Amino acid sequence: MLNLGKASEGEVEVRLFNQAGQLMLQVSDAATNGIIKLNTSDLPSGVYQAMISAGGSVQMARIVVVR
């Protein structure tokens, strides 16, 4: 689950990149109450760079997946 805050209501696109820069996951969905759920069950443990596009703005975040 990714909490985007109240400013991110509506359609959100999240792209996760591994440390080599490869696109590993892309999700486009509505953020209900600023929250979007990501299914990372197919991703190996590690650190990912997230590119979050919402409402014309783009934010970067670091996400850690732990098994």
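Observations on the model:
- As a length-normalised measure over Cα pairs under 8 Å and 6 or more apart, the relative contact order of the range 2-65 settles at 35 percent.
- The range 47-64 - phi-based ³J(HN,Hα) in whole Hz, Karplus 6.51/-1.76/1.60, Gly and Pro as x: 9, 10, 9, 9, 10, 10, 10, 8, x, x, 10, 10, 10, 10, 8, 9, 10, 10
- Residue-count net charge about residue 37 - beta-carbon cut-off 15 Å; Lys, Arg +1, Asp, Glu -1: -4
- When peptides 26-32, 56-62 are ranked by their average number of other Cβ atoms within 10 Å per residue, the highest-first order is 26-32, 56-62.
No value in this document is a laboratory result; all are computed from the given coordinates. The structure displayed is predicted, hence computed values, not measured ones. Here Cβ is always computed from backbone atoms with ideal geometry, including for glycine, and neighbour counts include all displayed protein chains.
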